[in-house]
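Student: Could you have a look at this structure, given as structure tokens, before my questions?
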Amino acid sequence: MTGVETRSVSRDSLFLLAGIRVEQEAETHRVRVRNLSDGGMMAEGGLKVRRGHRVEVELRNIGAVAGSVAWVQDNRFGIAFDEEVDSQRARRPLQGESHLPEAAILKPAWTHRAPPPPDPGKLRKV
């Protein structure tokens, strides 16, 4: 580690719970949010996901945010949101339902979208 911040988006370290639903699954899983930025988050939990999985995350004071799994390491994984959110809203006390989610979505975040996983049929065997 060089001690130099190389990320293009600032993030907040925090501990809060979120609900995540993997695309085409009915069950919502509870995970711990370890860091959160306007473009994505790092989550921790027993949820088995793979890079490229499409997910919907329910964040406090923000609502449902669509995204894709960008990386996975042990029981932690990163999610790149499809649209940027106001991550500071998640730190605020809970607000009424009338404030969700329109004001939380800022703009599309194309730079944070994870590429789709490779097609196994097109991989070359070595």
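Please treat every number below as a calculation from the coordinates, not as lab data. Here the structure is a predicted model, which means the values were calculated and not measured. Using ideal geometry, Cβ is built from the backbone for each residue, glycine included, and neighbour counts are taken over all protein chains shown.
Student: Assign unit charges at the C-beta atoms only (+1 for Lys and Arg, -1 for Asp and Glu), then state the dipole size of the range 21-89 relative to its Cα centre in Debye, rounded to the nearest 20.
Tutor: Charge dipole of the range 21-89: 340 debye, to the nearest 20.
Student: Given R₀ = 25 Å, FRET efficiency for E44-D119 by Cβ-Cβ distance, to 0.05?
Tutor: Efficiency, from the Cβ-Cβ distance: 0.30.
Student: Go through 18-27, 35-44 and give me the packing order, highest mean Cβ count within 10 Å leading.
Tutor: Descending packing order for the listed peptides: 35-44, 18-27.
Student: Pull out the extension gain between A26 and E56, defined as 0.36 nm times the separation in residues minus the alpha carbon to alpha carbon distance; nm, one decimal. Provide the component values of the computation, followed by the final result.
Tutor: Values: separation 30, 0.36 × 30 = 10.80 nm, distance 1.12 nm.
Computed gain between A26 and E56 is 9.7 nm.
Student: If you don't mind, there's one more thing I want to ask. What do you get for trypsin sites (Lys or Arg not before Pro) in the range 48-77 restricted to DSSP loop and a cutoff of at most 12 other Cβ within 10 Å of the site's Cβ?
Tutor: Qualifying residues, ordered by number: K48, R50.
Student: Just to be sure I understand the model, the point goes 7 Å from the Cα along the line to the Cβ. What's the resulting Q88 to R76 distance in nm?
Tutor: It works out to 2.6 nm between the two label points.
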